Amino acid sequence: MVRVRFAPSPTGKLHIGSARTALFNWLFARRNKGVFLLRIEDTDQERSDPRFLESILSDLRWMGLDWDEGPVVGGSYGPYFQMSRLPHYHRFRDQLESRGCAYPCFCPPERLLALREQGYDGHCRQLTPKERERNRADGLPYAIRFQVPEGETIVVDEIRSDVRFDNKVVEDFVILKSDGIPTYNFAAVVDDHLMKITHVIRGDEHLSNTPRQIMLFQALGFPSPRFCHIPIILDKERHKLSKRTGSAFLEHYRREGVLPPAFVNFLVLLGWSPGGDREILEISEMVELFSFSGIGRHPAVFDEKKLEWFNGHYVRSLTQEELLNRFRGYMEDFEGLGSLSAPWLAVFISLYRERVRTLAELRAEFLLLLGDEVVFDESAYGDILCKDYVPSALEGIKGRLESLPEGEWGGSVIEETVRSYAADLGRKAGELIHPLRVALLGKKASPGIFEIVSLLGREKVLKRIRATVSLLATETQRI
Ligand code: GLU
């Protein structure tokens, strides 16, 4: 039975590469009716932070990746935590030591520092059992090092070609620090064995760790899992994704209002292809089609435009109600939806759903409707509002709209009012509609202006026209 794991370290937010590793593991488990585990590699005590753990778990849930095993917490499976498993690592350390495959290293930090460039020289390998005993009895702190055997180690990989490593290039590495906490390679090997992991699927930045892990598996007499190293993800300039701008982290896209199915669809194609030129895939189709043979060998390129395109597709495929629910959920992280009525929200969604690619864009439109002030886009202002007839035309529209009885504020009445006023002025309807749109929203494009007028409501419409007219008046004076 296939058993795989995702093993993040809670030392940072969920990276795009890690999100993809998690997804590939999950898909492989689901495809093969196997088990997907979550293991938190929290042995770097200084850099681990519960806030990162929370955000990683939240991002995994957001993607819809669930795990199948783990210690039960509050009725569901929690992840495994390495810091709760120290006795296991100590047990296997004892085994390695008694087999002569590991030894205590008493070298002081200054000595190790001096050796940093060249690597550890194996000094403490030479100590006799007596010397070790004496040092221990003297209370000298010591780490445990793995004694790298002679020969070579071959990494057989499901995706890449085999890689041979001469063991000489690997120093006797620390498996347990002097505080009794294991290092990554050792803890991962012990856990992969105890958790009966069959396939280790991870980013190829870990390829260089793999010979060490294989040596440990061999020394402990455990069979190695199969290794599957997936190619790195680069941006369009072929650089690593930027941590500085945040674009390397899943959270960034979540905040941008990307929908989970769009994100997962986009992510799965970073380094994997179902064959042919299919791009839009439901989760169930990914599960059905996923296999290592579709994983490429070259770096995957992260194209944000493509992600936007995917998202636009998914936004448009949602029903009105689904989109509203997504938007409501998204807005919980911001200012919320306030006390707007259900009919208002329904109209808002129906007017904008075809026009936005992300929930962030939808939010921007929402804020534009609800805000107190209109910011004019430069070309809309210059091309449309600056014409001579505009101030008086806007003033006139305002007068006609103001005289509409309160209860008659609605799309068709407004349309008639504006059109008949245009006819009275001997102008085309567009000559009033364009400036009205800019006065109300500050830009040239929007959903139908009559719907916008009715959605904004009488008070906001009149106020915005008034503000535009007085702005135009002061501008004219200045010239
Ligand atoms: N904790 C490691 C990481 O976050 C896991 C690597 C592995 O999958 O073995 O990169």
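Farthest towards the positive end of the charge dipole of region 49-146, among the residues Ile56, Leu96, Phe81, is the Cα of Leu96, using unit charges on the Cβ of Lys, Arg, Asp and Glu.
If I take R0 = 45 Å and measure r between the Cβ atoms of Asp121 and Lys306 in this structure, what FRET efficiency does the formula 1/(1 + (r/R0)^6) give, to the nearest 0.05? Let's see the in-between values first.
Numbers: r = 50 Å, r/R0 = 1.12.
Efficiency, rounded to the nearest 0.05: 0.35.
Note on region 346-453: Kirkwood radius taken over Cα pairs, Stokes-Einstein applied at 37 °C and 0.692 mPa s, translational D equal to 222 µm² s⁻¹.
The Ala360 and Arg226 beta-carbon pair, evaluated with R₀ = 30 Å, returns a calculated FRET efficiency of approximately 0.15. Given the C-alpha centroids of region 119-179 and region 9-74, what is the distance between them in whole angstrom? Centre-to-centre (Cα) distance: 30 Å.
In this simple spin-label model, placing a label point 7 Å from the Cα along the Cα-to-Cβ direction at both Glu475 and Lys428 gives a separation of 2.2 nm.
On a 0 to 90° scale, report how tilted helix 304-317 is relative to the longest principal axis of the chain, with both axes built from alpha carbons and the result rounded to the nearest 10. Long axis of 304-317 versus the principal axis of the chain: about 60 degrees. An ellipsoid equivalent to region 168-207, defined through the eigenvalues of its Cα gyration tensor, has semi-axes of 20, 16, 9 Å when rounded to whole angstrom and sorted largest first. Value of Rg to Rh for region 259-336, rounded to two decimals, is 1.05; Kirkwood radius and Rg both from alpha-carbon coordinates. When both bridge partners sit in region 1-87, DSSP labels roughly 25% of those beta bridges antiparallel. Treating each Cα of the chain as an identical point scatterer and summing with the Debye formula, the log10 of I(q)/I(0) at q = 0.12 Å⁻¹ comes to -1.06. Relative contact order of the chain, please, whole-number percent, based on alpha carbon pairs below 8 angstrom and at least 6 residues apart. Once normalised by length, the contact order is 12 percent.
Dipole of the chain computed with +1 at Lys/Arg Cβ and -1 at Asp/Glu Cβ about the Cα centre; of Ile154, Thr210, Val469, farthest Cα towards the positive end is Ile154.
Between Ala102 and Glu97, Gln147, the built amide H atoms are under 5 Å apart, and every one of these is 5 or more places off in sequence or on another chain. Extending 7 Å from Cα along the Cβ direction at Glu131 and again at Arg297 yields two label points whose distance is 4.7 nm.
How fast does region 11-161 diffuse by Stokes-Einstein, in µm²/s, taking the Kirkwood radius from C-alpha pairs at 25 °C and 0.890 mPa s?
Calculated translational D: 127 µm²/s.
Ranking of His313, His193, His298 by neighbouring Cβ atoms within 10 Å, starting from the fewest: His298, His313, His193. According to the Kirkwood relation over distinct C-alpha pairs, the hydrodynamic radius of region 315-356 is 10.6 Å. The modelled label-to-label distance between Arg47 and Met83, using points 7 Å beyond Cα along the C-beta direction, is 1.5 nm.
Annotation: cysteines of the chain without a disulfide-compatible partner (Cβ-Cβ under 4.7 angstrom) are Cys101, Cys107, Cys228, Cys386. Relative to the longest principal axis of the Cα atoms of the chain, the long axis of helix 86-98 makes an angle of roughly 30 degrees. Once the Cα atoms of helix 458-478 and of the chain are each reduced to a long axis, what angle between those two axes, in degrees from 0 to 90 to the nearest 10, is obtained? For helix 458-478, the angle is close to 80 degrees. Between Lys243 and Lys444, residue separation times 0.36 nm minus the direct Cα-Cα distance comes to 68.8 nm.
Between the beta carbons of Lys196 and Glu373, assuming R0 = 60 Å, the FRET efficiency works out to 0.45 to the nearest 0.05. Beta bridges from DSSP with both residues in region 195-330: antiparallel share about 20 percent, rounded to the nearest 5. Extension gain, Glu408 to His313: 0.36 nm times the residue separation minus the Cα-Cα distance gives 30.5 nm.
None of the figures in this text is laboratory data; all of them are computed from the coordinates on show. Because the structure is predicted, anything quoted here is derived from the model rather than measured. Cβ coordinates were reconstructed from backbone atoms using ideal geometry, including for glycine residues, and neighbour counts include every protein chain displayed.
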